[in-house]
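A short write-up of the structure that comes next.
The values are calculated or read from the model by the stated rules, or taken from the named source; none is laboratory data. These numbers come from a predicted model, not from an experiment. Cβ atoms come from the backbone with ideal geometry, glycine included; neighbour counts cover every protein chain shown.
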Amino acid sequence: MSKLYLVPDRKDMERMCGLAAEYDCAFEYNDFYIATVMDDSERQEEIIAGYRAYREGYAGEAGATNGFSEDTMHGAFLDVTVHSDDPLIRDVSMLRVRQSMETAKGMGLKGVVFHTGRLAGFRAAGYLSNWRDRNEAFFREIADRYPAQQIYMENMFDEAPDILAGLAEKMRDVKNFGVCLDYAHAMISRCPGREWIEALGPYIRHIHINDNDLQNDLHLAVGAGRLDWQEFDRLIRQNQIEAPVLVEVSGYEAQRESLRYMKRYGIYPMERERENQNASAI
């Protein structure tokens, strides 16, 4: 089974680690994309030390040598546009990405998630070519500089998968670069889930899931909204995608509810009930 990920809650780490142990989950940290934290090294170290106190003990029970070795983090994304025509905006955006990568390297994390940062629906040819070419050049440099970390480019409020797929195809030779499919984001676009998964399938290395009302990015527990999770499961399996999945909801209760729903209905990467029944019959 592909790895499951949870967003840890620093105020509830005893229960979070217990839930992670029950479902064999890693963590994806959401603390380090905020500017006030990124620019405060003491605050960063305080947060990291707090996580380490729990994480290394939990990982030690599993025989791991580094408590963070399978974990990931969300990199800077608010107002980050490395493709901007404005050199000042471009420079500070690149700085924020590099800061994110330095944090991940320092923690020994497996990977970092960034967003496309595109203006959704704006498809002027010059803008799109700038976005692709500047992102390709910059993230090739970043991937080369940080070979131990995976770089995942996530669809934000992109209206269709074609532009991200084009970048991913251009960077197909970069071993530590790939797509993070945010299925909830995809489902509030006007483009069907099938098109997102088929277009991005060859490049998907990480997946984010949560639920919504098909109109707003609500980050509800899986099963608490209107997304068709049986369709998600079918599309992922039919396209033979094998990628870790982050249950991107906040708080212990919503994460436990999501995991129980996924287990009950066999939603990827959980085993299907039919497979469980067959296994029991043998």
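Numbers below:
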read-out: Subset tally (residues that are in contact (Cβ under 8 Å) with a residue 40 or more places away in the chain and under 15 Å from T81 (Cβ atoms)) for the range 101-126; value: 5
read-out: Set M94, M73: member being of a type outside the set (S, T, N, Q) and crowded, with 20+ Cβ neighbours inside 10 Å; value: M73
read-out: Pick from the range 179-191, criterion of a type outside the set (G, A, S) and either buried (at least 23 other Cβ atoms within 10 Å of the Cβ) or within 18 Å of the chain's Cα centre (by Cα) (or both), ranking: farthest from S258 (Cα to Cα); value: V179
read-out: Some residue of the range 170-181 being under 18 Å from P244 (Cα atoms) and assigned to a helix (DSSP H, G or I); value: no
read-out: The range 169-183 residues that are free of Cβ contacts under 8 Å to residues at least 40 places away in the same chain, paired with ones that are in a strand (DSSP E or B) and of a type in the set (D, E, K, R) (beta carbon under 6 Å, 6 or more apart); value: G178/R205
read-out: Matching entry among R123, R205, R194 (being surrounded by fewer than 19 Cβ atoms within 10 Å (Cβ to Cβ), out of contact with any His (no Cβ under 9 Å at 6 or more places or on another chain) and outside any helix (DSSP H, G or I)); value: R123
read-out: When residues of the range 265-282 are limited to those that are modelled with pLDDT of 95 or more and either over 28 Å from H74 (Cβ atoms) or hydroxyl-bearing (S, T, Y) (or both), the one surrounded by the most Cβ atoms within 10 Å (Cβ to Cβ); value: Y268
read-out: Scan of the range 81-116 for residues that are over 19 Å from G126 (Cα atoms) and among the hydrophobic types (A, V, I, L, M, F, W, C), ordered by number; value: L88, V92, M94, L95, V97, M101, A104, M107, L109, V112, V113, F114
read-out: Residues being buried (at least 16 other Cβ atoms within 10 Å of the Cβ) and farther than 15 Å from Y268 by Cβ - total across the range 219-247; value: 5
read-out: When residues of the range 221-260 are limited to those that are under 22 Å from G178 (Cα atoms) and polar (S, T, N, Q), the one farthest from the chain's Cα centre (by Cα); value: Q238
read-out: Residues of the range 143-156 classified as surrounded by fewer than 20 Cβ atoms within 10 Å (Cβ to Cβ) and either of a type in the set (A, V, I, L, M) or at pLDDT below 95 (or both), total; value: 3
read-out: From the options R172, R140, R98, residue that is farther than 25 Å from G201 by Cβ and either modelled with pLDDT of 95 or more or in contact with a strand residue (DSSP E or B) (Cβ under 7 Å, 6 or more places away or on another chain) (or both); value: R98
read-out: Every pair of residues 6+ apart whose Cβ atoms lie under 9 Å, when the first sits in the range 195-206 and is on the phi < 0 side of the Ramachandran plot while the second is in a helix (DSSP H, G or I) and aromatic (F, W, Y); value: W196/Y183; I197/Y183; I197/F232
